[in-house]
Amino acid sequence: MVSKRNIENLIQEPEETGEDAPFAPERHDITFRDVSFSYVPGEPVLKRVSFTVPEGKLTAIVGDSGSGKSTILNLIAKFYEPQSGTITIGDRSIQTVSAERVLAQLSMVDQQVFLFDDTVRENIRHARPTATDREVEAACRDAGCDGFVEKLEKSYDTGIGENGSLLSGGERQRLSIARAILKNSPILLLDEATASLDIENELAVKQAIANLLKEKKTVVMIAHTLSIVKNANQILVVADGTIKESGTHEELLAENGKYAAMWNAEQKITV
Ligand SMILES: Nc1ncnc2c1ncn2[C@@H]1O[C@H](COP(=O)(O)OP(=O)(O)O)[C@@H](O)[C@H]1O
Ligand SMILES: [Mg+2]
């Protein structure tokens with residue numbers, strides 16, 4: 001009965017509305033205008049949120065756990081659609097673009113990495129199926145995967161088990177960063193997830209992210225370590241379903257609000 005109900009619910013999901021025409025925006029700035037969204041009716045997560053992510057710059061999102069940071073990335077990637085308001089990439093509302101075409105413009109490095117029961121090589125090549133073996137291996141090196149991959153029984157041709165069950169959390173994250181490097185898309189969405197990693201893996205993932213950020217891209221990054229946030233071109237502070245504060249590190253410290261409180265709390269821990 002449970003399975004039957006799940007299948008029926010899936011069949012009753014509304015069809016996607018976007019058209020499948022090619023989507024090749026000239027600019028890749030991202031704008032939210034009065035975007036409201038809830039996963040469950042009556043429990044709003046975002047309430048009339050507006051902001052702009054400038055092209056070619058690093059925008060960091062900070063805020064308490066559960067404040068809606070990942071939700072913002074889910075909406076940009078069109079995993080969900082807002083109940084009201086518009087999201088544009090360049091000058092085009094993504095509502096009228098198919099999810100697949102939107103996804104082609106971006107790479108997402110997420111807390112949940114999806115891996116196929118296939119070789120390391122094919123798992124990474126999935127990001128750009130026409131990539132050569134050498135390109136796959138180069139992306140792996142930049143993501144700091146080459147060390148552990150070469151220790152595997154058949155190196156890049158080792159099967160990694162169902163959803164990569166043979167790999168550790170940090171290794172999986174680095175594989176997803178390798179995918180993003182290989183895909184080389186104009187927009188990067190990063191959900192920094194170093195909290196659950198041991199120190200060695202944390203450093204490796206941070207280095208991989210630093211390599212990823214070397215290319216000039218439009219980056220939206222949920223960051224838990226404020227040292228990365230500090231260098232962002234723009235910081236958005238999410239609280240109570242809205243953007244409470246926005247600006248650079250210095251501007252937000254001067255405001256002496258929520259960001260300043262978070263920053264001061266972290267300084268106390270690290271000193
Ligand atoms: N798939 C979902 N279904 C229902 N509620 C969700 C779902 N994903 C997240 N939420 C809820 O939405 C709120 C915001 O979640 P999220 O964007 O993941 O927060 P953050 O990334 O800032 O920790 C939370 O209250 C969370 O419980
Ligand atoms: Mg999150």
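Values quoted throughout were computed directly from the atomic coordinates according to the rules given, and no laboratory measurement underlies them. It should be emphasised that the depicted structure is a prediction, and the values quoted were computed from it without experimental measurement. Glycine gets a Cβ as well: all are built from the backbone with ideal geometry, and neighbour counts include every protein chain shown.
Quick look at the numbers
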item	result
Rg over Rh [alpha-carbon atoms, Kirkwood Rh] for region 198-271	0.99
Cα gyration tensor shape for region 131-223, rounded if a/c is under 1.5, else prolate or oblate	oblate
Dipole magnitude (debye, nearest 20) for region 118-271, charges at Cβ of Lys, Arg, Asp, Glu	320
Exposure proxy ranking, count of Cβ atoms within 10 Å, fewest first, for Y80, Y39	Y39, Y80
Span from the region 123-162 Cα centroid across to the region 238-256 one, whole angstrom	40
Listed peptides 54-65, 156-167 by packing density, highest first (mean Cβ within 10 Å)	54-65, 156-167
Cα gyration tensor shape for region 1-122, rounded if a/c is under 1.5, else prolate or oblate	rounded
For region 1-64, Kirkwood radius (reciprocal of mean inverse C-alpha pair distance, Å)	15.9
Rh by Kirkwood over Cα pairs, then Stokes-Einstein D for the chain at 1.002 mPa s and 20 °C, µm²/s	108
Sorted by Cβ neighbour density within 10 Å, fewest at the top, the residues S168, S107, S70, S227	S227, S168, S70, S107
Listed pairs K214/K258; K244/K268; K183/K217 exceeding 19 Å between Cα atoms	K214/K258; K244/K268
Cross-link reach list, aspartates and glutamates versus K69, counting only Cα pairs under 20 Å and skipping chain neighbours closer than eight places	D29, D34, E43, E55, E81, D110, D191, E192, D240, E245, E266
